[in-house]
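Sending over a structure as C-alpha cells; questions will come in a sec.
The values are calculated or read from the model by the stated rules, or taken from the named source; none is laboratory data. Keep in mind the model is a prediction, meaning the values are calculated, not measured. Here Cβ is always computed from backbone atoms with ideal geometry, including for glycine, and neighbour counts include all displayed protein chains. Please note that ligands, DNA and RNA were not included when accessible areas were found on the heavy atoms of the full protein model with its side chains. Shrake-Rupley method; radii C 1.70, N 1.55, O 1.52, S 1.80 Å.
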Amino acid sequence: MIRGMTAPSFMDLALKTAENAGKSGEVPIGCVIVRDYEVIATAGNRTLTDCDPTAHCEILAIRQAAKAIGTERLVDCDLYVTLEPCTMCAAAISFARIRRLYYGAADPKGGAVDSGVRFFASKTCHHAPEVYSAVGETEAATLLREFFKARR
C-alpha cells in the first residue's frame, strides 16, 4: 500500500501500470484503487496472460481491493483508470459502490460511461459514482495509440 499520494499521482501510477501491461503484450490499460489517500489495489489488463476475457484491470483491481479491506462494498474508494470503462467494468464499479471514478482517455467504441450505453445513466443502475473524465487523457491516449501503431 502506498500512502500520501495526490490525485494526479494516482493517475500517474495507473499510467505506469498501463505501460507495464503493454510491455507484457497486454493492451496498456491500468487501474488504481484508493482509500483514504492510500493505494489499496493496482492492476493492468491481463486478458491474454490469464486467458480470461474478464481480466480487465478494473475487475482485477476491484477484486484485490475488496480482499484488502474485507468487504465487497468499496463505498469510500476511488478508482483511477487510464481508459473509459466498458460495460462490464462499469457494472462492476457500480456493484462495488465505488465512490468516484477518474478515467483518462475516452473510448467511443467500447466505453460505457460517457460513450455507448452510458451505464451509470441507466434506470437499472443501482449506484453511479461521481465521474471525472479526461484525467491524464493525453498520456493515456498516446500510450494506447503507440501500442496499436506498433502492432499494425
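For residues that are open to solvent by 20 Å² or more (accessible area, probe 1.4 Å), more than 19 Å from Arg99 (Cβ to Cβ) and out of contact with any Cys (no Cβ under 9 Å at 6 or more places or on another chain), tally how many sit in the stretch 28-56.
8
Tell me whether the stretch 137-152 contains one or more residues that are farther than 20 Å from Ile59 by Cβ, without any contact (Cβ under 8 Å) to a residue 60 or more places away in the chain, aliphatic (A, V, I, L, M) and part of a helix (DSSP H, G or I).
Yes: one or more hits.
Restricting to the stretch 64-79, count the residues that are in contact (Cβ under 8 Å) with a residue 12 or more places away in the chain and either more than 21 Å from Met11 (Cβ to Cβ) or of a type in the set (S, T, N, Q) (or both).
Taking the stretch 64-79 first, the residues in contact (Cβ under 8 Å) with a residue 12 or more places away in the chain are 64-66, 68-69, 72-79.
The next check asks that each one be either more than 21 Å from Met11 (Cβ to Cβ) or of a type in the set (S, T, N, Q) (or both); those that pass are 64, 66, 69, 72-73, 75.
Residues that pass the stated criteria total 6.
Pairs please, first residue from the stretch 38-58 and without any contact (Cβ under 8 Å) to a residue 40 or more places away in the chain, second anywhere and open to solvent by less than 10 Å² (accessible area, probe 1.4 Å) and in a strand (DSSP E or B), Cβ atoms under 6 Å, 6+ apart in sequence or on different chains.
Val39/Val32; Ile40/Ile33; Ala41/Ile33; Thr42/Val32; Ala43/Cys31; Gly44/Gly30; Glu58/Cys31; Glu58/Val81
Let me ask you something else. Leu143 versus (1) buried (at least 17 other Cβ atoms within 10 Å of the Cβ); (2) hydrophobic (A, V, I, L, M, F, W, C); (3) over 22 Å from Asn20 (Cα atoms): which is the lone unmet condition?
(3)
Something else about it: Anything in the stretch 57-91 that is of a type in the set (Gly, Ala, Ser), surrounded by fewer than 24 Cβ atoms within 10 Å (Cβ to Cβ) and within 20 Å of Ala106 (Cβ to Cβ)? List them, or say none. Full working, then the answer.
Pass one, the stretch 57-91, residues of a type in the set (Gly, Ala, Ser): 61, 65-66, 68, 70, 90-91.
Filter once more, so that each one left must be surrounded by fewer than 24 Cβ atoms within 10 Å (Cβ to Cβ): 66, 68, 70, 91.
Scanning the stretch 57-91 gives a single hit, Ala91.
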